[in-house]
Amino acid sequence: MTLLDPALVDVRTLADHPMVEAGSAALRMVAPGAVTAGRFGLVEYRLAPRTGGAAPHYHQTFSESFYVVSGELTLFAGDRWQPCRAGDFALAHERGVHGFRNDSDEPATFLILFTPGIAREEFFAEMAELRRSGRRPSPEEMTAFYARHDQVMVDV
């Protein structure tokens, strides 16, 4: 067996994972779980200035990490909202309450890493379609949507 096995390296060019606009947010599925054999999922996320993101919630079966690439992201971390700047990192373990939004006057770009690499891209695709369509699901529909994607919303 040779160590030079090209099947052991998967290169995805920018064309393989285009940016998907969703109102005042945009996202790119850089490495969905289908590409990483379920090991992890990686998303590039952009929020326009003064834009809401995800209200406080938690996941029971996967962790979610955030790395701020540019701008300032406000993260809900455990029990409070706090600003995170370029270079800051946060890890929400399973059942760790977290959320995000952009409270600043500048755009924010950040990476979200999911482990394991569950099919989180389906959550983002459905959410983007809802934003683009302008349709407002009923509270019952949103509860079912979140349950389907292992997202438990939390009132804080």
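Okay, residues lined up against (1) in contact with a Gly (Cβ under 9 Å, 6 or more places away or on another chain); (2) surrounded by 14 or more Cβ atoms within 10 Å (Cβ to Cβ); (3) of a type outside the set (Val, Ile, Thr); (4) modelled with pLDDT of 95 or more:
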residue: 53; (1), (2), (3), (4): yes, yes, yes, no
residue: 79; (1), (2), (3), (4): no, no, yes, no
residue: 85; (1), (2), (3), (4): yes, no, yes, yes
residue: 96; (1), (2), (3), (4): yes, yes, yes, yes
Query raised in the report: Looking at 44, 64, 94, 121, which one is of a type in the set (Asp, Glu) and in contact with a Pro (Cβ under 6 Å, 6 or more places away or on another chain)?
Result: 121
Requested in this report: Scan the stretch 20-50 for residues that are touching a Lys or Arg at 6+ places or on another chain (Cβ under 8 Å) and more than 18 Å from residue 67 (Cα to Cα) and jot them down.
Outcome: 20, 21, 22, 23, 33, 35
Query - Every pair of residues 6+ apart whose Cβ atoms lie under 9 Å, when the first sits in the stretch 91-108 and is within 14 Å of residue 79 (Cβ to Cβ) and touching a residue at least 40 places away in the same chain (Cβ under 8 Å) while the second is surrounded by 14 or more Cβ atoms within 10 Å (Cβ to Cβ) and aromatic (Phe, Trp, Tyr) - result: 97/58; 97/76; 98/58; 98/66; 98/76; 99/76; 99/81
Query raised in the report: Which is within 18 Å of residue 113 (Cα to Cα) and without any contact (Cβ under 8 Å) to a residue 60 or more places away in the chain, of 28, 39?
Result: 28
Report summary line: By residue number, the members of the stretch 98-148 that are surrounded by fewer than 16 Cβ atoms within 10 Å (Cβ to Cβ), assigned to a loop (DSSP other than H, G, I, E, B) and within 16 Å of the chain's Cα centre (by Cα) are 116, 119
Report summary line: For the stretch 125-154 the number of residues that are over 19 Å from residue 22 (Cα atoms) and in contact (Cβ under 8 Å) with a residue 24 or more places away in the chain is 5
Query raised in the report: Out of the stretch 31-43, which residues are surrounded by fewer than 18 Cβ atoms within 10 Å (Cβ to Cβ) and either outside any loop (DSSP other than H, G, I, E, B) or not small (Gly, Ala, Ser) (or both)?
Result: 36, 39
Requested in this report: Could you tell me whether residue 67 is touching a residue at least 24 places away in the same chain (Cβ under 8 Å), assigned to a helix (DSSP H, G or I) and among the hydroxyl-bearing types (Ser, Thr, Tyr)?
Outcome: no
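The values are calculated or read from the model by the stated rules, or taken from the named source; none is laboratory data. Note that the structure is a prediction, hence the values are computed from the model and not measured. Ideal geometry is used to build each Cβ from the backbone, glycine not excepted, and the neighbour counts take in all protein chains shown.
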